[in-house]
Amino acid sequence: MTRKRKKQKSLIRDLAVQRIERLFELADNEFGQNPKRSDRYVYLARRIGMRYRVRFPSKLKRMMCKHCRSYLVPGSSARVRLRKRYITVTCLRCNKQMRYPYKSRKVKEVEDNKLA
Ligand SMILES: [Zn+2]
């Protein structure tokens, strides 16, 4: 691939990410009145992601169900619980769970000190 094409490709991907972010914004706006439309926006965002092979920004990844792809709003379409080392997000549509590890500040400090 020539240098020029490579550059073009990354521009297209930038644009794709922007479109994905925009779709999530729309999903957020619609959720109150029309949650089904939010799911549709998420679906479209996913399609763009696959089409241009871009990664979803991690904050957006957490806003959709890994299993049924619906748009997740904590307290409304999802239940979020903190465990010791991870967060569980339960999708209230398909009742499946997703887990995301996190580190409490204390654990992180201890580990940082170990490395130092
Ligand atoms: Zn689900």
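Quick notes on this structure:
- Residues of region 1-27 that turn out to be β-branched (V, I, T) and more than 30 Å from S38 (Cα to Cα), as a count: 1
- For region 26-40, residues that are within 16 Å of the ligand (Cβ to nearest atom) and either surrounded by fewer than 17 Cβ atoms within 10 Å (Cβ to Cβ) or not small (G, A, S) (or both) total 5.
- The lone criterion from (1) within 16 Å of the ligand (Cβ to nearest atom); (2) surrounded by 17 or more Cβ atoms within 10 Å (Cβ to Cβ); (3) of a type outside the set (G, A, S) left unmet by R46 is number (2).
- Of the residues making up region 68-80, those that are more than 22 Å from L44 (Cα to Cα) and either within 14 Å of the ligand (Cβ to nearest atom) or surrounded by 12 or more Cβ atoms within 10 Å (Cβ to Cβ) (or both) number 2.
- Residue match in region 60-67 (condition: away from the ligand (no atom under 14 Å from the Cβ) and either β-branched (V, I, T) or over 16 Å from the mean Cα position of the chain (by Cα) (or both)): no
- Residues located in region 8-45, provided they are at pLDDT 95 or above and among the charged types (D, E, K, R): R19, E21, R22, E25, D28, E30, R37, D39, R40
The values are calculated or read from the model by the stated rules, or taken from the named source; none is laboratory data. Just so it is clear, the model here is predicted, and its values are computed rather than measured. Using ideal geometry, Cβ is built from the backbone for each residue, glycine included, and neighbour counts are taken over all protein chains shown.
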